[in-house]
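Below: the structure, in structure tokens.
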Amino acid sequence: MTTTDTEKAVVVSKGVEVAVASKEAEGLVARLGRWLDRDRGSLAAETATLFTARMTDVAANRLAKQWSLRYAAADGKERRVLLATLAQASAGLEPRGDQGLRLFRRLYAQADSLHLLVELRADMLRWRNQVAGLTVLERELEGLLNSWFDVGMLELRPITWDSPASLLEKLIQYEAVHEIRSWEELRHRVADHRRCYAFFHPRMNDVPLIFVEVAFATQMADNVQVLLDPKVPASDLNKAKWAIFYSISNTQPGLRGISFGNFLLKRVVDQLLTELPKLKSFATLSPIPGFVDWLGKQDGKAMQELLHDKADKQQAQDDASAGQKWVERLQAAAGGKVSEAVQRTGLRLAVLYLKSMKNGQPIDAVARFHLGNGARIERVNWAADCSPKGMAQSSGIMVNYLYDLDQLDDNLALLAAGKPKMGLNLRWL
């Protein structure tokens, strides 16, 4: 049996174990669910004890355990009902004090892990605009999760092809930037000439909270298809001068707004310098996910401000769809032969987008993350991601953010002043 077959067999075996355990729990969960069918008024009153009872109250803690099991087994519709009941009970707390926090601390104390509370906040974020009173609970839970997921509690671990099959499958499941379509592609990303690191929490030990994939090169990478292709020969780590972060994925929607990605990169840089002391530079090859959407919304007047060429300015005049026409033009050019003028205009527009700020922050989510960590915009790359996703997001254009370890604080000061740091490679723009 091949290594891949063995790994797959382990996954199937574990799946059978989970199914058996789940079947054994069905009777208990069904019994625990009967209280949901009671009169809504009495249910809200009973639920209120989750907030108000002392942390040592045996009956309230038993109810918390029942509530947790029921929620974990519920479908979306039932979860929404349970959350609405919590919100109803929460609204009646007077004075509120720390009773909202007490609810979540009670659930935490009765749980075997933090999975439930992370799922709970994900559902709260999903339904907070539809369920009255849910926003208050969501913000209280966010504060506790910030504390429980303090970076000092997180463990940095490498993920390799020798990692458990269940963990490798989670990489495939949670990869958010560049889809992993096969076991061959996965093996390429965690091969000996690559690195993958993830943060884990001791009470969610089986799930990577965030992970970064790293490639190595003799120069700064400019095409993600080359990095992702398993058929491209492996790079020689002894000759590598650059570490390229080409994918960073957050795995838990319930931890949105709880940032530990910046700490991940700093820890990974330290680890890489220990392993590979010859490395000199650290950069990303990043998508520009909001570029096409932003450009497509620009009307003729806005495009006249953005364009450099006089003929292009004149053509855009009084054209409400001028921005969308440029999107189509850039997408067509990325897929075939392109004039230097069109390429330069596309790259210039991408840089103008990356520099755009709103409420003191870059409008692009990926730029906001990396610039907020002290990186600078080093280079934009034409036709760097011609996958359907890359074309739809950014007309194939990608960006390198450079992490100059001696300049991070200075770059942050410039960002705070509304002037994101640009690399010398972009002076021609």
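Numbers at a glance
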read-out	value
Debye, to nearest 20: dipole size of the chain, +1 on Lys, Arg Cβ, -1 on Asp, Glu Cβ	560 debye
Within the accessible area of the chain (1.4 Å probe), percent carbon and sulfur	50 percent
Sequence ranges 91-99, 114-122, 141-149, 55-63, ranked by mean other-Cβ count within 10 angstrom, highest first	114-122, 141-149, 55-63, 91-99
In degrees, nearest ten, helix 99-110 long axis to first principal axis of the chain (Cα)	80 degrees
Derived scalar couplings ³J(HN,Hα) [the stretch 394-400; Karplus, 6.51 cos²θ - 1.76 cosθ + 1.60; whole Hz; x for Gly, Pro]	8, 6, x, 7, 10, 10, 9
Positive dipole terminus of the stretch 210-284, leading residue within 243, 230, 215 (C-beta point charges)	243
Per-selection metrics, the stretch 151-286 (Cα): Rg and Dmax in Å	14.3, 41
Where only C-alpha atoms are counted, convex hull volume of the stretch 291-426 per residue in Å³	108 Å³
Options 183, 200, 330, ranked by Cα towards positive dipole end of the chain, top entry (Cβ charges)	330
Per residue accessible area in Å² of the chain, where ligands, DNA and RNA are left out and the probe is 1.4 Å	49 Å²
Acute angle (nearest 10 degrees) that the helix 322-334 long axis makes with the longest principal axis of the chain, alpha-carbon atoms	80 degrees
Viscosity 1.567 mPa s, temperature 4 °C, Stokes-Einstein D of the chain from Kirkwood C-alpha radius, µm²/s	53 µm²/s
Convex hull of the stretch 39-144 built on C-alpha atoms - directionally averaged projected area, nm²	6.2 nm²
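The values are calculated or read from the model by the stated rules, or taken from the named source; none is laboratory data. Since we're looking at a predicted model, the values are computed, not measured. Note: ideal-geometry Cβ built from the backbone for every residue, glycine included; neighbour counts use all protein chains shown. Ligands, DNA and RNA are stripped out before the accessible areas are found, and what is left, the full protein with its side chains, is counted by its heavy atoms. Shrake-Rupley method; radii C 1.70, N 1.55, O 1.52, S 1.80 Å.
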